[in-house]
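Worksheet for the structure shown next.
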Amino acid sequence: MERRVRVRFAPSPTGPLHIGGVRTALYNYLFARRHGGDFILRIEDTDSQRFVPGAEAYITEALKWCGIEVDEGVAEGGPHAPYRQSERREIYLKYALQLVESGNAYYAFDTPEELNALRAETEARGETFSYNYQVRERLATSLRLSAAEVEERIARGDQWVIRFKMPEGEEVHMRDLIRGEVTMNTSTLDDKVLYKSADRLPTYHLANIVDDHLMEISHVIRGEEWLPSLPLHYLLYRAFGWEQTRPEFAHLPLLLKPTGKGKLSKRDGDKMGFPVFPLRWVSPDGETAHGYREDGYFPEAFINMLALLGWNPGTEQELFSMQELIEQFSLERVSKSGARFQPEKAQWFNAQYMHRKSDAELAELYLPIAEAHGVECSRQKAERIVGLMKSRATFMSDFWELSDYFFAAPTEYDAKYMKKWWKPETPRYLAELKQVLAGADDFQAPVLDRAVNEWMDANGYPHGPVMNAFRLAIVGVGKGPGMFELCEVIGREESLERIGRALRELAPEA
Ligand code: GLU
């Protein structure tokens, strides 16, 4: 029987989720939806040392902004609730003890001081310390101590941990859906801590395997940094006797810096001037980091960009809605090699989405901008403005600069532009143009276009100098959309007013 697809995104709330984490969540989500399966959000908060307040709420909000819908999770609940590991703490000890019982794990009583001394001693000999098969028999572990001694130490309240007893010299053969066969020799691996008496909490490895099993996870899709843990995870499945239902694994390629050299780090954004977080983050001590949302990116553009960082559809298509991503996504097309993050590409995607948005939708976003600048703007005018200007905007925040002249006459006239286009005959052109506009039957762009062109042609006036003087009078600088569209939006009265004013200011003697 085909196994139901169940995937999980399992972040640790140690800070804001960065874009690599969002990509992991996205690929899990796409995979789940593609296969009609479930997407689970599990919060892995067993490392109390690294817990950061606010991080979980940030993760939830970021997924929501991205349109990644959770089927089961901390907020949604579900058949395997709770989904926050700190609330599942009672579950894990039993499993750790089961491994001790079956000889796959053991108690270790070394204190941090003893371990530090041992590490220093080993390093003094020029070697690196590893808690493994070479040393475990000699240390204060249940492998060496008698059962009575172990019991006594536990009873008197000594701190202990349970460590996995990594087999010596065994080749572990693993399968990764992106990388294929992977083999690793266990002699290179240490005996990881699975459970700590100090806080009565499991470590990541134990909690992760136990929960993936209990939550019936079918596929583990996560970052490449977890690949070195895969042998341990395989061996844990074996030790528990859960190999039959062990999930499939897929390790996603790293996100690389824009230079292509090295892993994209949380600090790169600030250094290079682009966000590495989906949302703005304010740390508990007040430090802030930029977010895509607050920097004006549309979530669809952000998701589209992320989807293509490590996956490709095998065609030239670049723009994908979430639905199209769901239909086309496959792990086979995820690349093995790192994906270079390109901030310009993120902007490009945003511009593409901007250009494709309806005028009505953009007007909705434009109105508060106009209001913030203290101008009155009807919805109809907003629609006209965004419609005319959207092809030049990358972010909503670009709009004001692109459109302020729709609301106010120029207060000054650009000197360079003046020098180029203001000639002795210009006042005459403008005065006549004013008459033409005043007499136009209807103040609609096509009507104005026809009237002004007929007037220029009838008089043999050169179009360039006339139209540039026209722009200078209405806008004050050499920017803006077509003059007739612009005049239509500001209206007859305002257009005539601005020309009159330019004549008064620039040619007072005329
Ligand atoms: N809690 C781990 C993390 O923060 C999850 C790794 C995994 O998906 O197994 O990345």
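The values are calculated or read from the model by the stated rules, or taken from the named source; none is laboratory data. Note that the structure is a prediction, hence the values are computed from the model and not measured. Every residue, glycine as well, gets a Cβ built from its backbone with ideal geometry; the counts of neighbours run over all protein chains shown. With ligands, DNA and RNA removed, areas are computed over all heavy atoms of the protein, side chains included. Shrake-Rupley method; radii C 1.70, N 1.55, O 1.52, S 1.80 Å.
Over all distinct Cα-Cα pairs of the stretch 1-101, the Kirkwood formula returns a hydrodynamic radius of 14.6 Å.
At the listed q of 0.24, 0.29 Å⁻¹, the Debye profile of the stretch 153-211, built from one uniform point per Cα, gives log10 I(q)/I(0) equal to -1.03, -1.11. Quote the FRET efficiency, to the nearest 0.05, computed for Tyr413 versus Ala57 with a Förster distance R0 of 60 Å and r equal to the Cβ-Cβ distance. So the FRET efficiency works out to roughly 0.70. Checking the a/c ratio against 1.5 first, then a/b against b/c, what shape does the Cα gyration tensor give for the stretch 78-225? Note, shape of the stretch 78-225 comes out oblate. Applying Stokes-Einstein at 10 °C and 1.306 mPa s to the Kirkwood radius of the stretch 385-476, computed over alpha-carbon pairs, gives a translational diffusion coefficient of 107 µm² s⁻¹. Using R0 = 41 Å, the C-beta based FRET efficiency linking Ala360 and Glu509 works out to 0.30. Of the two radii for the chain, the radius of gyration is 1.18 times the Kirkwood radius, both from the alpha carbons; that is the Rg over Rh value.
Size descriptors for the stretch 159-292, from the alpha-carbon set: Rg then Dmax equal 18.4, 50 Å.
Add +1 for every Lys or Arg and -1 for every Asp or Glu among the other residues with Cβ under 9 Å from the Cβ of Ala382, and state the total. Charge balance in the 9 Å sphere: 0. Once the 1.4 Å probe is applied to the protein heavy atoms, the stretch 239-322 comes out at 47 Å² accessible per residue. Straight-line reach from Lys192: taking Cα to Cα under 16 Å and skipping same-chain neighbours fewer than 8 places apart, the aspartates and glutamates in range are Asp47, Asp110, Glu137, Glu168. Surface composition of the chain: carbon plus sulfur atoms contribute 48% of the solvent-accessible area (1.4 Å probe, protein chains only, all chains present). Of the chymotrypsin sites (Phe, Trp or Tyr not before Pro) in the stretch 27-82, the ones in a loop by DSSP (not H, G, I, E or B) with at most 16 other beta carbons within 10 Å are Phe51.
Using the alpha-carbon centroid of each, what span in Å lies between the stretch 211-284 and the stretch 400-475? First find each Cα centre; the distance between them is then 60 Å.
Accessible surface area normalised per residue over the stretch 448-510 is 43 Å², counting heavy atoms of protein chains with a 1.4 Å rolling probe. Within the shell defined by Cβ-Cβ distances under 15 Å, the residues around Gly262 carry a net charge of +4, with Lys and Arg each +1 and Asp and Glu each -1. With a cut-off of 14 Å on the backbone N, the residues of the stretch 224-253 near the modelled label site 7 Å out from Gln98 along Cα-Cβ are 236-246. Extending 7 Å from the Cα toward the beta-carbon at both Leu118 and Glu324 defines two label points whose distance is 5.7 nm.
So if R0 is 60 Å, what FRET efficiency would Glu149 and Asp398 give, r being the distance between their Cβ atoms, rounded to the nearest 0.05? Efficiency, rounded to the nearest 0.05: 0.25. Take the convex hull of the alpha carbons in the stretch 433-510; its mean projected area over all directions comes to 5.0 nm². Average accessible surface for the stretch 11-168: 48 Å² per residue, computed with a 1.4 Å probe over protein heavy atoms with every protein chain in place.
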